[in-house]
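Participant: Have a look at this one before I ask anything.
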Amino acid sequence: MVYRRLSRRVAVCAWAGLVYAWPPELGFRALGSTEAKGTGVRRLTILTRLVVLGSLLLGLIGNAQAARIGGLYSAELLVAEQSVRVAPELVSQALAQVLVKVSGRRDVTRQAAIEAAMGEANRYIQQFSYQQTNRPLPTDDGREVLAHRLKIDFERTLINQLLSDAGLRPLGTIRPGVLVWLLEERNGQREFIGDEEDPAFLAMKSRAVERGLPVFRPLLDLQDQQALSSGDAWGFFTDSIRRASSRYQADSVLVGRLYRSGGGWRSQWLLLKGQGQRFNFDGEGSVLQNHLGSAVDQAADLLFVDFVASTDDLDPGAVLLEIDQVNSIESYFEINRYLSDLPAVKQVKLQQLDQDRLQLQLRIDGTIGQLRGALGLNKHLQPLELMQPDQPGQLFYRWRP
């Protein structure tokens with residue numbers, strides 16, 4: 001089995017950084033107070049610290065669960081020079097990038113309301129800035145200059161309103177995490193791509209950022225080598241792939257096999273979504289970056305389909321439940337489990353999870369008064385009476401873990 005340029009510096013640096021950055025205010029008294037006396041206690045304290053630190057380390061470097069995505073309302077472009085006014089075509093390009101990230105839909109700019117807004121993209125800008133880079137960029141007159149990175153931040157409320165006008169909803173900041181096992185066939189050998197700076201992985205990561213899709217790569221350490229061979233991964237042996245991926249608690253797993261064909265590239269992909277769904281798709285192209293970017297697009301489309309919501313999807317007979325202060329994915333799952341277990345609730349559908357605000361569509365079997373009564377039994381749900389609207393189909397609560 002061949003693993004290309006596998007480095008263990010990540011684990012060593014992460015361990016050192018974790019020990020160095022351990023917040024002193026957390027202390028270790030619950031594990032073994034520094035005031036305790038006796039060699040045995042001190043040894044137990046040291047051992048317990050190491051166990052806890054090791055567990056946290058594994059959580060930091062080996063977890064591909066749902067992640068909270070930042071920078072959704074910002075876009076970056078490379079430009080040849082700075083200007084006090086950004087060219088309209090650049091603003092439109094940046095706005096399109098943001099709308100794709102926020103909505104989760106590649107076709108968002110084809111909506112009539114969105115197309116009309118592209119002509120006045122400047123009105124959605126909050127601020128912009130430039131940063132010098134070392135990357136060469138050709139100019140229109142044939143010169144080559146060092147590029148500037150143009151960052152444009154758009155106004156969040158205006159973007160959300162634009163999507164609403166088009167009958168769409170933001171996807172939210174919490175997205176499903178994807179663990180990527182990527183292999184390449186070279187000189188008859190099938191190798192895992194194990195370096196984060198490998199052009200293939202960088203190409204995928206770049207497109208994933210544009211789609212707002214959190215992607216992770218395996219450590220490819222000894223444990224991974226023992227759990228999954230390159231042959232099993234290349235052969236798309238699902239059981240082996242799931243067992244090896246379980247270490248990372250991934251929401252979904254993407255396996256790609258990449259090889260040259262003529263003057264271009266070909267690939268086959270396996271996407272394992274959740275616990276039971278499996279999708280296969282192929283790709284080909286002459287430019288590696290575009291080829292792998294297209295694969296990320298297909299994976300993102302398949303993963304986001306359950307989360308992308310239209311305002312037209314809201315059932316007029318449904319109840320819209322909005323809960324704020326939902327600050328973790330664990331809280332979301334706890335709320336979802338609780339609601340799904342209620343006899344009064346027939347169906348729970350995620351509408352939006354943005355920042356700390358959760359919006360759910362509920363189909364109920366009974367009256368909204370019965371639903372309120374059932375929700376009142378949960379000590380973590382506090383009704384916001386002053387925010388209860390006149391519409392009987394909407395409820396507002398605050399989560400208190």
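The values are calculated or read from the model by the stated rules, or taken from the named source; none is laboratory data. As the structure is a prediction and not an experimental result, all values here were calculated from the model. Backbone-built Cβ (ideal geometry, glycine too); neighbour counts: all protein chains shown.
Participant: Just the residues that are within 30 Å of Gly70 (Cα to Cα), touching a strand residue (DSSP E or B) at 6+ places or on another chain (Cβ under 6 Å) and either modelled with pLDDT under 90 or part of a helix (DSSP H, G or I) (or both), please, taken from the stretch 357-401.
Facilitator: Leu384, Met387, Gln394
Participant: Kindly establish whether Val215 is surrounded by 20 or more Cβ atoms within 10 Å (Cβ to Cβ), within 17 Å of Glu184 (Cα to Cα) and in contact (Cβ under 8 Å) with a residue 60 or more places away in the chain.
Facilitator: In short, no.
Participant: Of the conditions (1) of a type in the set (Val, Ile, Thr); (2) assigned to a helix (DSSP H, G or I); (3) modelled with pLDDT of 90 or more, Thr45 satisfies every one except a single condition; which number is it?
Facilitator: (3)
Participant: Restricting attention to the stretch 128-145, does a residue exist that is within 28 Å of Leu353 (Cβ to Cβ) and either out of contact with any helix residue (DSSP H, G or I) (no Cβ under 6 Å at 6 or more places or on another chain) or part of a helix (DSSP H, G or I) (or both)?
Facilitator: Checking the stretch 128-145: not a single residue is within 28 Å of Leu353 (Cβ to Cβ) and either out of contact with any helix residue (DSSP H, G or I) (no Cβ under 6 Å at 6 or more places or on another chain) or part of a helix (DSSP H, G or I) (or both).
Participant: Going through the stretch 81-104 one residue at a time, which ones are surrounded by fewer than 16 Cβ atoms within 10 Å (Cβ to Cβ) and not in a helix (DSSP H, G or I)?
Facilitator: Glu81, Gln82, Ser83, Val84, Arg85, Ala87
Participant: Just wondering, is there one or more residues in the stretch 152-171 that are free of Cβ contacts under 8 Å to residues at least 12 places away in the same chain and surrounded by fewer than 16 Cβ atoms within 10 Å (Cβ to Cβ)?
Facilitator: Yes; the residues of the stretch 152-171 include at least one that is free of Cβ contacts under 8 Å to residues at least 12 places away in the same chain and surrounded by fewer than 16 Cβ atoms within 10 Å (Cβ to Cβ).
Participant: Return the total of residues in the stretch 269-279 being touching a residue at least 24 places away in the same chain (Cβ under 8 Å), over 19 Å from Arg105 (Cα atoms) and not hydrophobic (A, V, I, L, M, F, W, C).
Facilitator: So the answer is 1.
Participant: Can I ask one more? Could you please give the count of residues in the stretch 250-291 that are surrounded by 15 or more Cβ atoms within 10 Å (Cβ to Cβ), modelled with pLDDT under 95 and more than 25 Å from Arg186 (Cα to Cα)?
Facilitator: Of the residues in the stretch 250-291, 4 are surrounded by 15 or more Cβ atoms within 10 Å (Cβ to Cβ), modelled with pLDDT under 95 and more than 25 Å from Arg186 (Cα to Cα).
Participant: While we're here: Determine whether the stretch 220-239 contains at least one residue that is among the small types (Gly, Ala, Ser) and assigned to a loop (DSSP other than H, G, I, E, B).
Facilitator: Checked against the condition, which is being among the small types (Gly, Ala, Ser) and assigned to a loop (DSSP other than H, G, I, E, B), the stretch 220-239 yields at least one hit.
Participant: Hey, another quick one. Please give the number of the condition Ala166 fails out of (1) modelled with pLDDT of 95 or more; (2) within 27 Å of the chain's Cα centre (by Cα).
Facilitator: With (1) modelled with pLDDT of 95 or more; (2) within 27 Å of the chain's Cα centre (by Cα) applied to Ala166, the lone miss is (1).
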